[in-house]
Amino acid sequence: MRKKIVAGNWKMNKNLQEGVALAKELNEVLTADKPNCDVVICTPFIHLASVAQIINPDIIGLGAENCADKEKGAYTGEVSAEMVKSTGAQYVILGHSERREYYNETPEILKEKVLLALANGLKVIFCIGESLEERKANKQNEVVKAELEGSVFNLSAEDFSKIVIAYEPIWAIGTGLTATAEQAEEIHAYIRSLIEAKYGAEVADNTSILYGGSCKASNAPELFAKPDIDGGLIGGASLKAPDFKGIIDAWK
Ligand code: PGA
């Protein structure tokens with residue numbers, strides 16, 4: 001049975017001290033009241049090694065928000081998948097729409113990043129999703145299909161089983177607009193059907209597909225109740241422990 005997951009994406013928020021304090025608080029809160037799902041926090045690179053020392057890995061997983069598309073060497077300012085892994089992190093977010101848009105990450109670059117992440121033993125939270133214009137033109141299915149084909153459908157079934165998909169409609173990210181549970185379920189089911197066509201029913205059944213985009217404690221229960229929505233990738237609401245806990249509790 002596939003995993004239910006609530007993952008936080010801190011983005012470029014929190015200095016080191018603030019991030020450590022948030023991780024500590026979250027660890028305490030979730031130790032006292034155990035979650036009913038896997039919980040992951042994805043932090044800026046600089047937090048990873050410190051946060052890894054604080055959290056109980058049986059309760060909270062740790063991930064980066066990016067990694068390099070090169071293995072090692074003269075790439076000033078980059079952080080490799082191996083470096084991420086060496087901090088104690090187990091996950092990396094790749095393909096986030098902000099990276100695609102502001103840092104020009106193409107499907108080919110993302111394909112390289114995914115391969116390097118997997119080669120270094122990281123699990124990948126791979127983000128896909130359409131823009132508002134694409135949604136208005138009813139192109140959302142086309143867009144997510146191309147994103148999967150462009151960067152992850154080259155993988156073997158064994159490697160694909162280390163991928164978590166996050167469907168994040170760009171128009172819902174940080175905007176307060178959420179896809180309705182019905183809209184999200186429709187495209188999640190479509191994504192699962194694509195995985196089934198490519199890798200078969202068993203892999204499709206075992207793939208966790210998260211929803212992301214203005215997910216919060218008030219709308220999480222309705223979203224998570226849908227059969228093909230296996231949790232959330234949470235931006236803004238992952239920055240305060242009570243807000244994040246509220247979403248985690250949607251699985252109770
Ligand atoms: P949001 O971000 O929850 O702030 O909308 C989600 C994401 O970008 O992962």
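The values are calculated or read from the model by the stated rules, or taken from the named source; none is laboratory data. Since the model is a prediction, treat every value here as computed from it, not as a measurement. Reconstructed Cβ throughout: ideal geometry from the backbone, glycine too, with neighbour counts over all protein chains shown. In case anyone asks, the SASA skips ligands and DNA or RNA and just uses the protein heavy atoms, side chains included. Shrake-Rupley method; radii C 1.70, N 1.55, O 1.52, S 1.80 Å.
Here are the numbers:
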read-out	value
Highest average packing first - 18-26, 132-140, 84-92, Cβ atoms within 10 Å	84-92, 18-26, 132-140
Solvent-accessible surface (1.4 angstrom probe) belonging to residue 45, in square angstrom, nearest 10	70 Å²
Packing-based order for 4-11, 198-205, using average beta carbon neighbours within 10 Å, highest first	4-11, 198-205
69, 230, reordered so the largest accessible area comes first (probe 1.4 Å)	69, 230
Net length gained if the chain between residue 2 and residue 25 were fully extended (0.36 nm per residue, minus Cα distance)	5.5 nm
Label-zone membership for the stretch 5-22, site residue 249, 7 angstrom Cα→C-beta point, backbone N under 17 Å	6
Among 37, 54, 1 - extreme Cα towards positive end, dipole of the chain, charges at beta-carbon	54
Charge dipole magnitude, Cβ of K and R +1, D and E -1 - the stretch 173-252, Cα centre, debye nearest 20	360 debye
Potential lengthening between residue 182 and residue 108 on full extension [0.36 nm per residue; Cα-Cα distance subtracted]	23.5 nm
Relative pair counts by distance (%), Cα atoms of the chain, 10 Å bins	8, 34, 39, 18, 2
Full-extension gain in nm, residue 70 to residue 141, via 0.36 nm per residue minus C-alpha separation	22.5 nm
Probe 1.4 Å, protein heavy atoms only - accessible area per residue of the stretch 5-251 in square angstrom	44 Å²
Fraction of accessible area attributable to carbon and sulfur, the stretch 105-252 (%, probe 1.4 Å)	53 percent
Stokes-Einstein D (µm²/s) once Rh is taken as the Kirkwood radius of the stretch 86-172 over alpha-carbon pairs, at 37 °C in 0.692 mPa s	247 µm²/s
Residue order for 186, 130 - accessible surface, 1.4 angstrom probe, largest first	186, 130
The chain: calculated mean residue ellipticity at 222 nm from DSSP helix runs of at least 4, using -39500 (n - 2.57)	-12500 deg cm²/dmol
